[in-house]
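What follows is a short report on a single structure.
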Amino acid sequence: MTAPEYAEIEGRALLLYDGVCALCNGVVKFMLAHDSAERLRFAPMQSELGREILGRFGILSFPDGVILVTDALTLKERLYRRSDAVAAALEMLPLPWRLLGQLVALVPRRLREFGYGVIAQLRYRLFGRYDICPLPPLNQRRRLLGVSE
């Protein structure tokens, strides 16, 4: 992890996602567009930074879903996986998205995880995939870490 990456991540929320998944990249674009307080940072799991963060939690292979790390690189650091990560990330956005995150969290976890698992398994077939991780617009690029132009 570079010093600028460390500075961008420390104490913030970091969303790790599948950088070649079109659906995942769409979620990142959505979050970038709606996170007016700029609370979230993003990194592809496949990046060196993504692998390093996953390794901090003993995750050595790429999970089939998003990972959210809150209060990153601090003693209060916490890891959320899959549907819990989606709900927690939505709760960091302003209204009405915060309410949507709270509603998602109210759905029984087994049901949430089942639905998440179905979409995760079919995401490439339904939404496609990229050869390389696409970059967001220049004004949002500093929040996407672990990729180079």
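The values are calculated or read from the model by the stated rules, or taken from the named source; none is laboratory data. Every value quoted in this text rests on a predicted model; they were computed, and no experiment measured them. So basically every Cβ, Gly included, is an ideal-geometry build from the backbone, and we count neighbours across all protein chains shown.
Within segment 136-149, restricting attention to residues that are within 22 Å of His34 (Cα to Cα) and not in a helix (DSSP H, G or I), which residue is modelled with the lowest pLDDT?
Pro137
Within segment 32-58, work out how many residues are at negative phi and touching a Lys or Arg at 6+ places or on another chain (Cβ under 9 Å).
Here is the first cut: in segment 32-58, the residues at negative phi are 32-37, 39-57.
Adding the requirement that they be touching a Lys or Arg at 6+ places or on another chain (Cβ under 9 Å) leaves 32, 35, 39-42, 45.
So the count comes out to 7.
In the set Ser36, Ser47, Ser61, which member is surrounded by fewer than 16 Cβ atoms within 10 Å (Cβ to Cβ), under 24 Å from Ile132 (Cβ atoms) and hydroxyl-bearing (Ser, Thr, Tyr)?
Ser61
Take the residues of segment 89-120 that are free of Cβ contacts under 8 Å to residues at least 24 places away in the same chain and under 16 Å from Leu14 (Cβ atoms): which is surrounded by the fewest Cβ atoms within 10 Å (Cβ to Cβ)?
For segment 89-120, the residue satisfying everything is Glu91.
Conditions (1) at pLDDT below 95; (2) on the phi > 0 side of the Ramachandran plot, marked per residue:
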| position | (1), (2) |
| --- | --- |
| Leu73 | yes, yes |
| Leu99 | no, no |
| Gln121 | yes, no |
| Pro134 | yes, no |
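Select, from Leu68, Leu15, the only residue that is touching a residue at least 60 places away in the same chain (Cβ under 8 Å), under 22 Å from Arg141 (Cα atoms) and of a type outside the set (Gly, Ala, Ser).
Unique residue meeting the criteria: Leu15.
Which members of segment 73-87 meet the condition of being crowded, with 20+ Cβ neighbours inside 10 Å, out of contact with any helix residue (DSSP H, G or I) (no Cβ under 7 Å at 6 or more places or on another chain) and free of Cβ contacts under 8 Å to residues at least 40 places away in the same chain?
If the condition is that a residue be crowded, with 20+ Cβ neighbours inside 10 Å, out of contact with any helix residue (DSSP H, G or I) (no Cβ under 7 Å at 6 or more places or on another chain) and free of Cβ contacts under 8 Å to residues at least 40 places away in the same chain, then Asp84 is the only one that fits.
Would you please name the residue that is farthest from Arg125 (Cα to Cα), looking only at residues in segment 5-34 that are among the charged types (D, E, K, R) and within 13 Å of the chain's Cα centre (by Cα)?
The qualifying residue farthest from Arg125 (Cα to Cα) is Arg12.
Each row is one residue, and each column tells you yes or no for (1) more than 18 Å from Leu49 (Cβ to Cβ); (2) over 13 Å from the mean Cα position of the chain (by Cα); (3) of a type in the set (Asp, Glu); (4) not in a helix (DSSP H, G or I).
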| site | (1), (2), (3), (4) |
| --- | --- |
| Leu73 | no, yes, no, yes |
| Leu79 | no, no, no, yes |
| Asp84 | yes, no, yes, no |
| Ala87 | yes, no, no, no |
| Leu90 | yes, no, no, no |
| Pro94 | yes, yes, no, yes |
| Ala120 | yes, yes, no, no |
| Arg123 | yes, yes, no, no |
| Asp131 | yes, yes, yes, yes |
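Which residue pairs have Cβ atoms under 9 Å apart, sit 6 or more places apart or on different chains, and have a first residue in segment 28-47 that is basic (Lys, Arg) and a second that is at pLDDT 90 or above and in a loop (DSSP other than H, G, I, E, B)?
From segment 28-47, the pairs are Arg39/Arg12; Arg39/Met92; Arg39/Leu93; Arg41/Arg12; Arg41/Ala72.
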